Every structure is written in structure tokens, then in C-alpha cells.
Amino acid sequence: VRVSFDYTNLLEVEGGIRESELSDLRPRLERATDEHLQDPPGFTRLPHTRDLLTPSKALAEEIRTSGATDFVHVGIGGSSLGPVALHRALNHPYYNALAERGGPRMHFAENPDPNTLHAILDLVELESTWINVVTKSGSTAETMANFLVLRRALVEASGEAGYRERTIFTTDPDSGYLREIAEREKIRTLPIPQDVGGRYSVLTPVGLLPAAVSGLDAEALLSGAASCANEIAERRAEHPAVLGAAMHYLMDTSRGRNIRVMMPYADALERFAAWFVQLWAESLGKEGKGSTPLGAVGTTDQHSQLQLYMEGPQDKVIELIEVENHPNDLEIPRAYEDLEGVGYLGGHTVAELLNVECDATRRSLAEAGRPNCTIRLGTVDEAHLGYLIYALEAQTAIAGGLYGVNPFDQPGVEAGKRITYSRMGRPGY
Ligand code: PA5
């Protein structure tokens with residue numbers, strides 16, 4: 001696995017981080033890293049066990065060989081962003097439209113938006129549709145509402161027995177309403193370990209089951225993550241992913257650069273950036289602290305946002321993700337060689353253009369005194385993404401230590417939930 005973190009343009013640009021600032025912060029970074037390693041959060045265990053992979057793969061195999069045409073993953077936030085990121089990054093961009101694909105068509109019911117749910121119901125063949133309801137708490141209103149709509153559709157199409165046979169609950173192993181329904185209706189379940197929070201759960205059955213259902217190599221995801229975990233255990237605060245916690249913390253707290261833009265140069269990683277946005281935002285944005293993560297895509301957003309990054313307020317750090325070997329590269333054919341504004345492209349490849357543009361963005365930002373950094377991925381596959389997922393989770397958790405906040409709670413989202421419950425008539429609210 002080749003994943004590297006290049007901070008040159010955070011250190012060397014005008015207004016960048018000084019070596020002395022980094023060394024002043026080092027004792028705190030070391031302390032935060034030591035605490036993280038000595039009292040490891042639940043997600044750090046995931047790459048080293050196959051206890052959750054084995055049942056996920058077995059169930060995926062059953063679904064794939066059952067003649068399933070459709071698989072609807074119902075969940076929101078940490079219960080959907082990771083699975084969606086993996087699907088978009090690693091499966092064919094038009095996966096559902098392919099005649100030959102890894103498994104059933106994949107649908108994600110996230111927002112309780114009737115139009116989306118209706119669209120899913122328009123498409124699926126209900127008699128051979130599986131639904132996977134994913135909610136750790138077992139009571140998230142959006143997920144439960146989507147589930148109730150899909151459940152009725154499944155019961156109407158296949159009867160109670162069909163619904164029970166082709167429904168899975170991925171939830172807390174012991175508690176919650178979904179667990180209670182599972183017991184009442186004898187629905188099969190997969191566990192989300194209690195000590196793994198939603199946004200850190202992509203390497204549990206939350207992400208492993210849908211990945212395996214669509215034919216992805218879930219084992220490689222875990223082994224990629226394990227190689228990052230082992231490296232961090234060995235290099236501790238010297239590991240570049242961990243160092244990134246200090247870099248982004250300093251950019252925010254001592255440079256006023258409180259916006260972190262993750263900009264992969266690969267369409268496949270657009271939803272990966274969305275996964276990271278939740279991880280960083282919900283983990284660190286509390287007690288008046290935290291920087292604002294945003295997602296962008298190169299080159300698309302060069303034609304949309306780059307002007308702002310180059311000449312707008314000095315409040316951002318741009319984090320490029322560069323892919324060395326893009327799957328399925330294509331040669332740009334030679335044509336119109338007499339037209340100098342067109343002919344020069346012929347003979348290059350599409351990936352070459354994408355990566356040259358990534359480099360051009362990096363350099364032009366640096367020259368304009370706009371700090372940026374680059375994550376380089378050897379390629380986009382399961383092992384590389386597993387590595388990067390773990391690296392960013394560890395970085396976020398350790399950044400929590402620097403900010404002095406708990407990166408595993410989200411008290412700020414409770415108030416809105418209470419109002420929703422009360423308006424929707426939930427007893428006790
Ligand atoms: O990271 C988190 O904890 C949240 O984003 C949750 O994943 C999200 O609120 C959904 O919660 P649940 O899985 O309980 O439905």
C-alpha cells in the first residue's frame with residue numbers, strides 16, 4: 001500500500017507553519033498520541049479482528065446467491081456515509097446499470113426524502129429485494145421512517161415471511177428499539193460494537209456487509225487499515241497521519257485557517273470526502289472549537305471554487321488527494337494537430353492531464369501564499385482506502401486530544417432531535 005502525506009506546502013509557503021511552532025506543539029502531540037495508544041478507542045481494534053468480517057461475508061454470500069436483484073441500505077450519518085463512500089470509490093460509477101456487476105443493485109436510503117424513497121421503490125423488484133437497516137441507536141427518526149415505508153412495501157410484495165427472510169438489522173448488539181423488533185420478528189442482525197461510534201464504524205458490518213454484497217474485497221479493506229494501525233503504533237507522533245493532526249490544528253488555531261477543504265483529484269473519491277467531512281466536523285466541532293471541513297473535487301471545482309481558494313479570504317487549507325495510478329486510464333487520441341490550442345493534448349493520457357492539473361493547483365496555491373497539503377494514494381482500491389480511512393480516523397481522534405474535546409460524542413445534534421420527536425408526537429417529548 002502506498003499512501004503518503006506531503007506537508008511541504010504547509011511549511012514552506014509564506015505564512016506557513018514554522019518549525020518552531022511544530023516543536024512547541026510536539027509535547028502535546030506526543031501526549032495526545034500516547035493517550036490514544038494507551039487507551040485505544042474502539043475503532044482501533046477493528047483492523048485486527050475478523051470477528052465482524054466473517055458473519056458479514058457469510059451473509060453477503062447468502063444475499064448474492066439468493067437471486068437478489070436489489071439491496072437497500074437504510075441509514076444516515078455514520079451509518080451511511082462510509083458505505084456510500086466505499087461503493088462510489090470502488091465500484092463502477094454506473095454499477096447499477098451494468099449487466100455484469102458484482103452483486104445486486106445497490107440503493108442507499110439516507111435522507112427521509114419522499115422523492116428519493118419513491119425513486120428507489122420505482123426501481124427495485126420487491127420480490128427479490130433485501131433491506132439492511134443500519135442504526136446503532138436503533139431509533140434514529142429518519143432511518144426508522146425509511147424502514148417503515150420499505151417494510152410495508154416488502155410485506156405487501158412478499159408477505160411477512162419474505163420480509164423476515166430478506167431483512168437485516170445492523171445495530172447495537174444488546175439494546176435499542178431495532179434490537180427489540182429483531183427479537184420480536186426474528187430478523188437477522190449484525191452487530192455494531194458498543195464502543196465504536198457511528199462515524200468511526202465503516203470497518204464494522206456497517207461498511208463491511210454492503211461492500212461484500214457488491215463484491216468488494218472487505219478483507220483487503222481491513223488489511224489496509226491494519227498496516228496503517230501498525231505503522232502508527234510503531235512511529236507514534238512521528239507518523240505523518242498523526243503529524244497531520246498537529247498541522248491542521250496549528251493552521252486553525254494559530255493561523256486562523258479554520259476551513260479544511262479536502263479536494264480529491266478523482267471522481268471516485270467525491271463521497272469519500274463527504275465521509276471525512278462528517279468525521280472531522282462531528283468529532284471536533286464543539287465547545288466553540290474545530291475547523292470546518294468541506295469537500296471539493298478536482299478538476300471540477302477548479303472551475304467553480306478555485307478562484308476563491310486563490311484570492312479569497314486567507315481562511316483555508318486545501319488538502320489535495322492525488323492518485324498515482326488511476327484505474328482505467330485512457331489515451332487522448334491525436335487529432336487537429338494543426339490547431340495549437342487542441343492538438344497538444346493528443347498522445348497524453350486522461351490521467352496524466354488530471355494529475356498535471358492537480359500539480360498545477362498545488363503549485364499555484366503555494367505561489368499565491370495559500371497553504372496546501374497532499375495525500376498521495378498509489379491507487380484507489382480496497383487496501384489503499386482501508387489505510388486512508390484508518391489514518392484519518394486516528395488523525396481526527398488525536399486532533400481531539402489537541403483541541404481538548406471528546407472526539408466521540410455529538411451533544412450538539414440532540415436539541416434538534418428533541419424538537420423533531422416532540423413535533424412528530426413521540427411520547428415523552
Ligand atoms: O457518528 C455518529 O454517531 C452519527 O453520525 C450517527 O451515525 C448518526 O446520527 C446515525 O445514528 P444511528 O446509527 O444511531 O442511526
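Restricted to segment 131-170, and to residues that are among the basic types (Lys, Arg) and touching an Asp or Glu at 6+ places or on another chain (Cβ under 8 Å), which residue is surrounded by the fewest Cβ atoms within 10 Å (Cβ to Cβ)? Write out each step before concluding.
As a first pass, look at segment 131-170 and keep what is among the basic types (Lys, Arg): 136, 151-152, 164, 166.
Now drop any that are not touching an Asp or Glu at 6+ places or on another chain (Cβ under 8 Å), which leaves 136, 164.
On the way: 136: 26, 164: 15.
The residue in question is 164.
Does residue 201 satisfy the condition of being surrounded by fewer than 20 Cβ atoms within 10 Å (Cβ to Cβ), within 19 Å of the chain's Cα centre (by Cα) and within 20 Å of residue 276 (Cβ to Cβ)? Give the derivation first.
Working: surrounded by fewer than 20 Cβ atoms within 10 Å (Cβ to Cβ): no; within 19 Å of the chain's Cα centre (by Cα): yes; within 20 Å of residue 276 (Cβ to Cβ): yes.
Answer is no for this residue.
Pairs meeting the criteria (first residue in segment 135-155 and of a type in the set (D, E, K, R), second residue more than 9 Å from the ligand (Cβ to nearest atom), beta carbons under 7 Å, at least 6 apart or on different chains) are 142/111; 142/112; 151/163. Residue count for segment 374-417, restricted to those that are farther than 21 Å from residue 262 by Cα and within 14 Å of the ligand (Cβ to nearest atom): 11. Among the residues making up segment 278-316, those that are of a type in the set (Asp, Glu) and more than 19 Å from residue 365 (Cα to Cα) are 282, 287.
Taking segment 155-177, which residues are within 16 Å of the ligand (Cβ to nearest atom) and in a strand (DSSP E or B)? Walk me through how you get there before you give the answer.
So the first thing to find is which residues in segment 155-177 are within 16 Å of the ligand (Cβ to nearest atom), and the list is 168-177.
Within segment 155-177, 168, 169, 170, 171 qualify.
When each of 356, 323, 342, 317 is tested for being closer than 18 Å to residue 259 by Cβ and not in a loop (DSSP other than H, G, I, E, B), the lone residue that passes is 317. Annotation note: Cβ proximity below 6 Å between a residue of segment 205-222 that is among the acidic types (Asp, Glu) and a residue that is assigned to a helix (DSSP H, G or I) and within 14 Å of the ligand (Cβ to nearest atom) (sequence gap 6+ or interchain) occurs for no pair.
Tell me the helices (runs of 4 or more DSSP H) entirely within segment 191-291 that contain at least 2 residues that are within 16 Å of the ligand (Cβ to nearest atom) and not β-branched (Val, Ile, Thr).
Numbers: elements: 205-213, 218-235, 240-255, 270-284.
Of the helices (runs of 4 or more DSSP H) lying wholly inside segment 191-291, those with at least 2 residues that are within 16 Å of the ligand (Cβ to nearest atom) and not β-branched (Val, Ile, Thr) span 205-213, 270-284.
All of 65, 54, 116, 69 fail the test of being surrounded by fewer than 18 Cβ atoms within 10 Å (Cβ to Cβ), in contact with a helix residue (DSSP H, G or I) (Cβ under 6 Å, 6 or more places away or on another chain) and of a type in the set (S, T, N, Q), apart from 69. Annotation: residue 41 fulfils all but one of (1) touching a Gly at 6+ places or on another chain (Cβ under 6 Å); (2) within 16 Å of the ligand (Cβ to nearest atom); (3) not aliphatic (A, V, I, L, M); the unmet one is (1). Checking each residue in segment 116-154 for being closer than 15 Å to residue 167 by Cα and aliphatic (A, V, I, L, M) picks out 124, 126, 131, 133, 134, 144, 148, 149, 150, 153, 154. If I filter segment 29-40 for residues that are farther than 30 Å from residue 188 by Cβ, free of Cβ contacts under 8 Å to residues at least 60 places away in the same chain and part of a helix (DSSP H, G or I), do I get at least one hit? Checking segment 29-40: at least one residue is farther than 30 Å from residue 188 by Cβ, free of Cβ contacts under 8 Å to residues at least 60 places away in the same chain and part of a helix (DSSP H, G or I).
Counting the residues of segment 364-373 that are part of a helix (DSSP H, G or I) and farther than 17 Å from residue 303 by Cα gives 2.
FYI, it's all coordinate maths here, none of it is from the lab. No experiment lies behind these values; they were computed from the predicted model shown. For neighbour counting, all protein chains shown are included, and Cβ atoms are generated from backbone atoms with ideal geometry for every residue, glycine included.
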